[in-house]
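Data block below; observations after.
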Amino acid sequence: MRLLVGCVLGLWAVAAGADPVTIKLGTLAPAGSAWHDALRELAQRWDEASGGQVKLRVYPGGVQGDEGEMVRKLSVGQLQAVAVTNVGLHDVIPEPEAFSTPLLFRDDAEVRCALGRVRDRLESALESRGLVAVRWGDVGSASFFCTRAFRTPEEMAQAKVFAWEGDPGMVKVWRSAGLHPVVLSSTDLLAALTTGMVECVSSVPLYMLTTRAFEKARHLVDLPLAPVIGAIVVKKEAWEKIAPDLRPRLVQIAREEGGKIDAEIRRLNADAVQAMKGQGLSVDPVDPAAWRPALEKSWSVLRGDVVPAGFFDALVAARDACRSTA
């Protein structure tokens, strides 16, 4: 059936005289990772569904730069799409960074529910900046991975914590929580952990395992901080070169593939912790109640300084509505 649909659409495209559209997509997803494999599957399905008229070329592993650099390459046409996290999207619109609010959500189900309630607002904001979001998805729940044990907020206040370059808002957030951020490009993270320039990084387990970064940061603070969500966004100019009747089908495929990889990523993140424990990772238990007061100090900075207050309040309301119907 997939081949039949591709043939039909391909014949239509030839008859209409359409030119093939090539979309170059950059991502930090490591080559060979589950995220990269999902993007390659998406490229194959788009090629089949369009009869070869839409070519998605994936550049993994940060070869196009960190997320900020890739987003900038969209504006000059060096890339036509990116698969980035809510942190990287802050260079386009600030709203997605509300999901980085420490301890705002209780679990993954609550995140997915709240995202569904505010997705239209996010996509409208992106469209106003000339971008089309073809899918949203889970990356995992971030926790601190450190070069030594930090079990209390007071101990963590002495640590040098990685902060994304080009994201001054989140630097303020970390400082408001009593932490000491060190601003670097994500591509410099491994070297910084090795030299001691950075002692802790907030990341998801699967990324730490896939990149082997945990070998430099063998202490996991057993406290999920905030979800990391991801999006595939395409430059509107490139998207509109695709036949209008074909675009909904490509979005449908992207969301189908996204649903499959999201479920897989949740399992792989859990498995990654067990795999890293078998290779020397120490999971250090902490008292969440002791950490909450310090981390919640960041909320007032996020609301208004980093994320528009109206959207922050809408996300909190969406979370509360999800809890009331759970």
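Just one of the numbered conditions (1) crowded, with 22+ Cβ neighbours inside 10 Å; (2) at pLDDT 95 or above is not true of V173: (2). Scanning the stretch 183-215 for residues that are hydrophobic (A, V, I, L, M, F, W, C) and open to solvent by 20 Å² or more (accessible area, probe 1.4 Å) turns up V183, L184, L190, A191, M197, L209.
Kindly evaluate R218 against the criterion of being free of Cβ contacts under 8 Å to residues at least 24 places away in the same chain, of a type in the set (K, R), at negative phi and open to solvent by 10 Å² or more (accessible area, probe 1.4 Å).
no
Within the stretch 97-109, being open to solvent by 10 Å² or more (accessible area, probe 1.4 Å) and out of contact with any Ser or Thr (no Cβ under 8 Å at 6 or more places or on another chain) holds for S100, L103, F105, R106, D107, A109. Of the residues that make up the stretch 305-326, is at least one in contact with a helix residue (DSSP H, G or I) (Cβ under 7 Å, 6 or more places away or on another chain), closer than 29 Å to A81 by Cα, assigned to a helix (DSSP H, G or I) and free of Cβ contacts under 8 Å to residues at least 24 places away in the same chain? Yes: the stretch 305-326 contains one or more residues that are in contact with a helix residue (DSSP H, G or I) (Cβ under 7 Å, 6 or more places away or on another chain), closer than 29 Å to A81 by Cα, assigned to a helix (DSSP H, G or I) and free of Cβ contacts under 8 Å to residues at least 24 places away in the same chain. One residue stands out among those in the stretch 50-65 that are over 21 Å from S33 (Cα atoms) and part of a loop (DSSP other than H, G, I, E, B): the one that is least open to solvent (accessible area, probe 1.4 Å), which is S50. Among the residues of the stretch 95-121, the ones that are over 14 Å from D313 (Cα atoms), among the hydrophobic types (A, V, I, L, M, F, W, C) and under 15 Å from the mean Cα position of the chain (by Cα) come to 1 in all.
Residues that are surrounded by 23 or more Cβ atoms within 10 Å (Cβ to Cβ) and in a loop (DSSP other than H, G, I, E, B) within the stretch 27-49 comprise L28, A29, listed in sequence order.
The condition of being in a helix (DSSP H, G or I), of a type outside the set (V, I, T), crowded, with 20+ Cβ neighbours inside 10 Å and at pLDDT below 95 holds for A13.
Can you confirm whether the stretch 86-94 contains a residue that is open to solvent by less than 20 Å² (accessible area, probe 1.4 Å), under 21 Å from K260 (Cα atoms) and not polar (S, T, N, Q)? No, the stretch 86-94 contains no residue that is open to solvent by less than 20 Å² (accessible area, probe 1.4 Å), under 21 Å from K260 (Cα atoms) and not polar (S, T, N, Q). Here A163, A142 are screened, and the one residue that is under 17 Å from the mean Cα position of the chain (by Cα), closer than 18 Å to L302 by Cβ, open to solvent by less than 10 Å² (accessible area, probe 1.4 Å) and without any contact (Cβ under 8 Å) to a residue 24 or more places away in the chain is A163. A single member of W291, W239 is aromatic (F, W, Y), open to solvent by less than 70 Å² (accessible area, probe 1.4 Å) and within 24 Å of the chain's Cα centre (by Cα), and it is W239.
The residue that is farthest from the chain's Cα centre (by Cα), among those in the stretch 122-139 that are among the acidic types (D, E) and under 21 Å from V306 (Cα atoms), is E127. Counting the residues of the stretch 225-276 that are of a type in the set (K, R) and either without any contact (Cβ under 8 Å) to a residue 60 or more places away in the chain or under 19 Å from V58 (Cβ atoms) (or both) gives 6.
With G140, G178 as the choices, which residue is closer than 29 Å to A43 by Cβ and either at pLDDT below 95 or of a type in the set (G, A, S) (or both)? From the options G140, G178, the qualifying one is G140. Filter the stretch 73-83 for residues that are assigned to a helix (DSSP H, G or I) and in contact (Cβ under 8 Å) with a residue 24 or more places away in the chain; which is least open to solvent (accessible area, probe 1.4 Å)? Among residues in the stretch 73-83 that are assigned to a helix (DSSP H, G or I) and in contact (Cβ under 8 Å) with a residue 24 or more places away in the chain, the one least open to solvent (accessible area, probe 1.4 Å) is L74. Of the residues A317, A263, A309, the single one that is within 18 Å of G140 (Cβ to Cβ), among the small types (G, A, S) and out of contact with any strand residue (DSSP E or B) (no Cβ under 6 Å at 6 or more places or on another chain) is A263. In the condition set (1) open to solvent by less than 70 Å² (accessible area, probe 1.4 Å); (2) closer than 26 Å to L122 by Cα, P248 is compliant with all but (1).
The values are calculated or read from the model by the stated rules, or taken from the named source; none is laboratory data. Just so it is clear, the model here is predicted, and its values are computed rather than measured. Backbone-built Cβ (ideal geometry, glycine too); neighbour counts: all protein chains shown. These accessible areas exclude ligands, DNA and RNA; they are computed on the full protein's heavy atoms, side chains included. Shrake-Rupley method; radii C 1.70, N 1.55, O 1.52, S 1.80 Å.
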